[in-house]
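The structure appears below as structure tokens.
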Amino acid sequence: MGCLIAGLRTAIERALRGAVDKARDELGLAPGDPVPDFTLEVPREKQFGDFATNLAMLLTKPARRPPRQVAEILVSHLDLAGTKVQEVTIAGPGFINFSLDPLWIYDALVEIQEQKDDYGRSKIGGGKKVQVEFVSANPTGLLHMGNARGAALGDTIAALLSFVGFDVSREYYINDAGHQIENLALSMEARYLQALGRDAEVPEEGYHGRDLVETAQRFVAEHGDRYLKMPREERLKALAQYALREKITAIREVLAAFGVEFDVWFSEQSLHDSGAIDRTLAILRERGHLYEKDGAQWFRASRFGAEKDEVLVRSNGVPTYYAADIAYHKDKFDRGFSWVINIWGADHHGHVARMKGALEALGYDPDALDVVLMQLVRLYRSGEIVRMSKRTGEYITLEELLKEVGRDAARYFFVMRGADSHLDFDLDLAKSRTNENPVFYIQYAHARIASIFRQMAERGKKVPAARDIDLTVLNDATERDLIRRLVDFPDEVARAALELAPQRMAHYAHEVASLFHSFYNANRVLGVEKELEEARLVLVDCTRTVLRNTLYLLGVSAPERM
RNA sequence: GUCCCGAUAGCUCAGCUGGAUAGAGCAACGGACUUCUAAUCCGUAGGUCGGGGGUUCGAAUCCCUCUCGGGACGCCA
């Protein structure tokens, strides 16, 4: 689909490149000198026009002239045919500012209205296969706030990438092998025995959460005490399998309630069973990246940028988690993903260099893996930190959070900060139905719009087609500011997606809502002069589209009334 | 000790691929509801961008260093 703002942008960029080429001699540039990687952005201040470039400043050095002089020369060679540029000025240290024909933003409204739900979609991703792996919480308990933040971040990043034309797959890696499963089995056994009235203690390293008590009770309800008499190994296996299945189901359900659905649930155990880990180890060994020490198999990770070497196979012959993870990442690339994104807790940061190192050792491009590290979440209630301890099983679960603050607030709050910032999650604020709460502020804007359309319908009117009416009557400052920001939407989506920065969308939504509220307070829509009413209905319609699309990307609902 | 992340308005944070006068929300203060939802808006005030050095035409942004907070450094995951 055509996108107006992108078209304008590329037209100006092309003109600038052309100017550099024509001015080469005058600027004293060598024929081989490339055109520098300049920016063409929307200036913060309106007085600087619609677009501004730093190109002249970047050419200062090769041209050995002051930036403003370079700008003069460039401007004298600019061919602006077909760019809608009406005025070019040189300002500040050497910016070249472009002011467009003021009518251009009205064309954008036509585009927004016609593209509707597709407005902002693009093909930047070119159908490239991208995998986003996130949450991947141990299936030994319930989801906590860290998992919840990961879920919101991962899902929003995936939605953004998909919106800009990537072929995205959401994946959950199930850690259903190794120690934690043994611990789960032992913990379940204790709860099972307790449920049958016997004395038993959950091991210190085990899982102490209340949820396993209930799982054990359900197990008893189904199987009674018949596992008491079975060989211990069989009992442990049955208990672990039962708990695992129940936990994964519970995780899947609560994530679905959170608006997060995965395309693939990948089992770690399957890597052991299929021989994928052995094959991966064999390749590393063949390439000379493994050695034996103290009876264990070590990977020379330090050769590939990691701090130290790492054990892949313990002296007891059991592969480490790291070995499985290497095989897993190899599998990802073998499945044809050309970009792999992991959302990890910051406590895994030490794992990043190792993982990239392993990929390099296997012959894959480590830069095709991006790891988004997210910092901790702290919950606040009544101004105090809510203490949590996973060890004792005392923590707020995602399920409880959803019950308390609702999905919309939770989704928004988790992505409103950059992943690498600590997130203070104020439960009272998330619940409050006041202007302090950004989610309600944004949703309220949407509800107000819906209300306008209800009244419009009562009056027997319809939203006119933008291309049939005169939009230039939208001349008020609040109207122009709002339109201008609506036009930015495709740019904002693209940046948020490529920078893996969903918080940009959260802020953008708030800005659009704010501009709309200002417009709404300053102007009436219904009941004004016919031409103006029609144009304003179009503007309100377009605002609704942008708010909806933004909220959709964030996984937040767009209510019709509040 | 080594490494990673952070430090920006009273509070919570944006901005960080170097760009023009550093932004927003909340809190504070002063205003606006015979009108489509006042869950809103308008205005005022608020800053040595943790300290110091460096690179540059230009630094909140890049480099070095120091201070303070959080985290990671296991044949755990």
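What follows is calculated from the coordinates using simple rules that are stated; it is not laboratory data. Just so it is clear, the structure is predicted and the values come from calculations on it, not from any experiment. With ideal geometry, Cβ positions are generated from the backbone for all residues, glycine too; neighbour counts draw on all protein chains shown.
The string of couplings for the stretch A:446-463 from the Karplus curve (6.51, -1.76, 1.60, θ = phi - 60°) is 5, 5, 4, 4, 4, 5, 4, 5, 5, 5, 4, 5, 4, 7, x, 10, 10, 6 Hz, one whole number per residue in order, with x for Gly and Pro.
The fewest-to-most ranking of A:ILE326, A:ILE105 by surrounding Cβ atoms within 10 Å reads A:ILE105, A:ILE326. May I ask for the angle, rounded to the nearest 10°, between helix A:145-163 and the longest principal axis of chain A, with both axes built from Cα atoms and the value confined to 0 to 90°? That works out to roughly 50 degrees.
Taking the fewest neighbouring Cβ atoms within 10 Å as the starting point, the ordered list for A:LYS356, A:LYS461, A:LYS229, A:LYS123 is A:LYS229, A:LYS123, A:LYS461, A:LYS356.
Against the main long axis of the alpha-carbon atoms of chain A, helix A:530-554 sits at an angle near 30°.
Look at the alpha carbon pairs under 8 Å that are at least 6 residues apart: their mean separation over the length of chain A gives a relative contact order of 15 percent.
Using a ≥ b ≥ c from the Cα gyration tensor of chain A (square roots of the eigenvalues), is it rounded, prolate or oblate, where a/c under 1.5 gives rounded and otherwise the larger of a/b and b/c decides, a/b for prolate? Oblate. Taking GluC sites (Glu not before Pro) across the stretch A:151-199, none is in a DSSP loop with at most 16 further Cβ atoms lying within 10 angstrom of its Cβ.
Whole-Hz Karplus values for the stretch A:372-383 come out as 8, 9, 10, 7, 5, 10, 10, 8, 10, 9, 6, x Hz, taken residue by residue from phi with 6.51 cos²θ - 1.76 cosθ + 1.60 and θ = phi - 60°; glycine and proline positions read x. For the stretch A:497-562, rounded, prolate or oblate, judged on the Cα gyration tensor with a ≥ b ≥ c (square roots of eigenvalues), a/c < 1.5 rounded, else prolate if a/b > b/c? Prolate is the answer for the stretch A:497-562, as a/c is 1.5 or above and a/b outweighs b/c.
A cut-off of 5 Å between modelled amide H atoms, ignoring neighbours fewer than 5 places along the same chain, links A:SER169 with A:VAL130, A:GLN131, A:VAL132. Across the options A:ILE174, A:PHE51, A:GLY94, the greatest Cα extent toward the positive end of the charge dipole of the stretch A:44-183 (unit charges at beta carbon of Lys, Arg, Asp, Glu) belongs to A:GLY94. The phi torsions of the stretch A:48-65, fed into the Karplus equation with coefficients 6.51, -1.76 and 1.60 and a -60° offset, translate into couplings of 8, x, 8, 9, 9, 10, 9, 3, 4, 5, 6, 8, 3, 5, x, 7, 6, 9 Hz, rounded to whole numbers, with Gly and Pro shown as x. Each stretch of four or more DSSP H residues adds -39500 (n - 2.57); spread over every residue of chain A, this sum gives -16000 deg cm²/dmol at 222 nm. Put simply, the amide H of A:VAL313, placed in the peptide plane, has neighbours under 5 Å in A:GLN297, A:THR320, leaving out anything fewer than 5 places away on its chain. Relative to the longest principal axis of the Cα atoms of chain A, the long axis of helix A:503-522 lies at roughly 50 degrees. Sparsely packed loop sites in the stretch A:475-553 (the GluC sites (Glu not before Pro) outside DSSP H, G, I, E and B with at most 11 other Cβ atoms within 10 Å) comprise A:GLU529. Annotation: lysines with alpha-carbon distance below 20 angstrom to A:LYS247 (same-chain offsets under eight excluded): A:LYS237, A:LYS390, A:LYS403. Taking amide H as placed 1.01 Å from N in the peptide plane, the amide H of A:GLY345 sits under 5 Å from that of A:MET374, each at least 5 places away or on another chain.
Within the straight-line cut-off of under 29 Å between alpha carbons, the lysines reachable from A:LYS530 are A:LYS116, A:LYS461, A:LYS462, sequence neighbours fewer than 8 places apart in one chain being disregarded. For chain A, the Cβ-based charge dipole about the Cα centre amounts to some 160 debye (Lys, Arg positive; Asp, Glu negative; other atoms uncharged). For the stretch A:435-554, rounded, prolate or oblate, judged on the Cα gyration tensor with a ≥ b ≥ c (square roots of eigenvalues), a/c < 1.5 rounded, else prolate if a/b > b/c? The shape class here is prolate.
By the beta-carbon count within 10 Å of each Cβ, the least crowded to most crowded order of A:MET374, A:MET388, A:MET230, fewest first, is A:MET230, A:MET388, A:MET374.
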